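For reference, the structure discussed in these notes is given below.
The values are calculated or read from the model by the stated rules, or taken from the named source; none is laboratory data. Just so you know, these numbers come straight off a predicted model, no measurement behind them. In this analysis, Cβ positions are derived from the backbone assuming ideal geometry, glycine residues included, and neighbour counts consider all displayed protein chains. Side chains included, ligands, DNA and RNA excluded: accessible areas come from the protein's heavy atoms. Shrake-Rupley method; radii C 1.70, N 1.55, O 1.52, S 1.80 Å.
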Amino acid sequence: MGPFVSMFLALALTLLVEVGLYLLVYGSSGKDVGLVIGVNLITNPPLNFVLWLVVFFAHLNTDIITIVLELVAVGFEGWCYRRFAKSIRHPFMFSLAANACSFGLGWGLQRILR
């Protein structure tokens, strides 16, 4: 599978999981669904592109880099949710939980599909 297909699948899975978690936690009013989608469109593609660059050019183990990038994404998304959300009551906790769920599912799927 090429890098762009894999990045697209990572984005699709992230959106599915994080929007699903938002709807599960905050209900179907959907006041902030667009915000959840938007912040993930901003954070997910660059994160996965940086990881691809690290693997392709540096041939490094990506575990530490992935953790750092995920924490940056959690912080940025949490800030966006705190600043702009109408219904997300605990923005940094939601960001951490959403990212942990999407990362965990993606990590698990990678291990299964190898």
Scan of segment 17-37 for residues that are in contact (Cβ under 8 Å) with a residue 12 or more places away in the chain and in contact with a helix residue (DSSP H, G or I) (Cβ under 8 Å, 6 or more places away or on another chain), ordered by number: Val17, Glu18, Val19, Leu21, Tyr22, Val25, Asp32, Val33, Leu35, Val36, Ile37
Candidates Cys101, Cys80, filtered to the one that is at pLDDT 90 or above, farther than 25 Å from Leu113 by Cα and not aliphatic (A, V, I, L, M): Cys80
Cβ-Cβ under 7 Å pairs, at least 6 apart or on other chains, segment 71-83 side under 16 Å from Asn44 (Cα atoms), far side not in a helix (DSSP H, G or I): Tyr81/Ile88
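Within the group Ile88, Ile65, which residue is outside any helix (DSSP H, G or I) and open to solvent by less than 60 Å² (accessible area, probe 1.4 Å)? Can you show your working first?
On the way: Ile65 fails: outside any helix (DSSP H, G or I).
Going through Ile88, Ile65 in turn, just one is outside any helix (DSSP H, G or I) and open to solvent by less than 60 Å² (accessible area, probe 1.4 Å): Ile88.
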Among (1) open to solvent by 80 Å² or more (accessible area, probe 1.4 Å); (2) assigned to a helix (DSSP H, G or I), the one test that Val74 misses: (1)
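Being open to solvent by less than 30 Å² (accessible area, probe 1.4 Å) and under 14 Å from Glu70 (Cβ atoms) is the filter here; which residues of segment 32-50 pass it?
Val39, Asn40, Thr43, Asn44, Leu47
Is there a residue being aliphatic (A, V, I, L, M) and open to solvent by 70 Å² or more (accessible area, probe 1.4 Å) anywhere in segment 24-31? Outline the logic, then answer.
Applying the first criterion (aliphatic (A, V, I, L, M)) to segment 24-31 yields 24-25.
Of the ones still in play, those that are also open to solvent by 70 Å² or more (accessible area, probe 1.4 Å) are 24-25.
Scanning segment 24-31, I find at least one residue that is aliphatic (A, V, I, L, M) and open to solvent by 70 Å² or more (accessible area, probe 1.4 Å), so the answer is yes.
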Hits in segment 91-102 (condition: open to solvent by 20 Å² or more (accessible area, probe 1.4 Å) and of a type in the set (Phe, Trp, Tyr)): Phe92
